[in-house]
Each structure stands twice: as structure tokens, then as C-alpha cells.
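Bear in mind these aren't lab numbers, they're just calculated from the coordinates by the rules spelled out. Keep in mind the model is a prediction, meaning the values are calculated, not measured. We place every Cβ from the backbone using ideal geometry, glycine too, and count neighbours over all the protein chains shown.
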Amino acid sequence: MTFQTQTKTKQKQKEYDSQEIKTRIVQSRVRLLLNHPFFGNLATRLIIKDATEWCPTAAVDGKHLYYNKNFLGSMDDQELDFVIAHEVMHCVYDHIERRGSKDGQYWNMAGDYVINRDLKTHNIGRMPKVGLYDRKYDENYTDEIYEDLYVNQKDKKETLQQRGQKIIGK
């Protein structure tokens, strides 16, 4: 699953060093361990993989944390903590397996609304401005939000994957 976003203007970002970003991810996991042990503990279980060649942002598959060095490099520490915790929560909420035959983009949007709400509620880092959040979903589960999005055919927000390609100039 990828972190969901809203559209933002295309920008050319600087090229970051993969080892530098991996070090920042490890530092983020330590901050999470110290400040939010539940999230930090789970984050340390994911194997960190530079996936800049194919992943324009960040993603998880339940075992790995994939990242784009240029996308994460553009974030400050608080945003990075939020994104790492966000990816962990896709695993916690089993969004990968629970999707089934649902529309992938609506499902990811619904999951992101729930995850971002929960992370904001628990003051985990700072949500990047591009994250999906709507107070109208404050009392809903992923499946309920999915139904609302799908049934009402809401405009599909641009996924972080699509936005990431714009950010890093692809």
C-alpha cells in the first residue's frame, strides 16, 4: 500500500543519497520507539529497501518497507515519522489482504483516511500536507469509507505513487 495524497504542483527535487535516507529511516524508527513504542516496535520489524527505481514514494508489503530516497529525503523528521508510522498501519489494519476484489485506488484512499486520522489523533509525527484527511470520516472504518467513496464515485485522489513521480521529475 502506498501513502495517499492530494494533487500538488510538479517540482524537481534534489537527488538524495540512499544510505543517508536509510539512516534517517532508522533514526525515525528510534524516535518512534522512544516516543510511541507501539508504532516504533512494529516499524523495526520491517526490512528497509531502497526501491527508488520502481517506487516513487513509500510502500509496504507486510514484510518490507520500500522507499524512494528522493521522496523521503524531501521530508523533515516529523513528516518522516508520520509516513513510517503510516506505512506500518497499513500492515496493522491488514489493508493489503483485506482489499480482496475492491477497487485498489478507492481502497487505498479509504485506508489512508483512517490511518491519517488515527495518527493525527495520537500525535504521531506531522502529517505531510499531501495526506488525505477529512473530519467527516472521523467515526468510520475503512470498509465504510470505501463504500462511501465507491458508491458515490468520488473523484479518485491522486495516489502518492502518481504524485511521487511528479515530485521526483519522472
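Tabulated data for the structure shown
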read-out: Prolate/oblate/rounded call for segment 106-160, Cα gyration tensor, a/c under 1.5 rounded; value: oblate
read-out: Relative intensity, log₁₀ I(q)/I(0), of segment 48-138 from a Debye sum that treats every alpha carbon as a point, q = 0.13, 0.16, 0.20, 0.23 Å⁻¹; value: -0.42, -0.65, -1.02, -1.30
read-out: Spin-label pair Thr44/Glu144, simplified geometry with 7 Å Cα→Cβ offset, distance in nm; value: 3.5 nm
read-out: About the Cα centre, charge dipole magnitude for segment 52-121 (Lys/Arg +1, Asp/Glu -1 at Cβ), debye; value: 240 debye
read-out: Percentage relative contact order, segment 25-140, counting C-alpha pairs under 8 Å, at least six apart; value: 22 percent
